[in-house]
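Since the structure comes first, as structure tokens, the remarks are kept for the end.
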């Protein structure tokens, strides 16, 4: 049947986890609160200094610091999330996940050969196939998927492969 060979890199693993976090509404609310609430409190402190002490220089410094926090904090949070994502995998798990993968569509399962070994996942256990701009994700559960980065495909036709995988998943729903 259809076969696909590709390489999974660390950046691909990070991208998948970040895309899952972008869908987390609670986390997004906390980021917005951090980005708006902290500078708002700092601006109130600056206004207090301005009206109570008539100290324009301290007010200006606090306002600049609040503005800087509002601009820089999302990038700092994103870097920290990437660090946490990488730390959530042990060295052995990363070695088993990253590297060259070969996927084969078989009649009753998807066969995967990876640095971690060979796995067979029945079609009835798979949820869906998502097509993104640079990736194709074959979801095995709500929070885990087979990540296929389009730019690292070594052999096989991704369009035909993903179409066949979708048909196999839909067939057994």
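The values are calculated or read from the model by the stated rules, or taken from the named source; none is laboratory data. Quantities reported herein were computed from a predicted structural model and do not represent experimental measurements. In this analysis, Cβ positions are derived from the backbone assuming ideal geometry, glycine residues included, and neighbour counts consider all displayed protein chains.
Miscellaneous remarks
- One residue from 94, 20 being in contact with a helix residue (DSSP H, G or I) (Cβ under 8 Å, 6 or more places away or on another chain), part of a helix (DSSP H, G or I) and in contact (Cβ under 8 Å) with a residue 12 or more places away in the chain: 94
- Between 85, 62, the distinction of being assigned to a helix (DSSP H, G or I) and within 30 Å of residue 158 (Cβ to Cβ) belongs to 85 only.
- Pick from the range 67-87, criterion more than 30 Å from residue 43 (Cα to Cα) and free of Cβ contacts under 8 Å to residues at least 24 places away in the same chain, ranking: surrounded by the fewest Cβ atoms within 10 Å (Cβ to Cβ): 87
- Within the range 1-54, being exposed (fewer than 12 other Cβ atoms within 10 Å of the Cβ) and in contact with a strand residue (DSSP E or B) (Cβ under 8 Å, 6 or more places away or on another chain) holds for one residue alone: 1.
- Residue in the range 43-56 that is part of a helix (DSSP H, G or I), closer than 29 Å to residue 149 by Cα and at pLDDT below 85 present: no
- Residues satisfying the stated conditions in the range 123-138, i.e. without any contact (Cβ under 8 Å) to a residue 24 or more places away in the chain and either over 18 Å from residue 15 (Cβ atoms) or part of a strand (DSSP E or B) (or both): 125, 130
- Residue 80 being closer than 22 Å to residue 150 by Cα and in a helix (DSSP H, G or I): no
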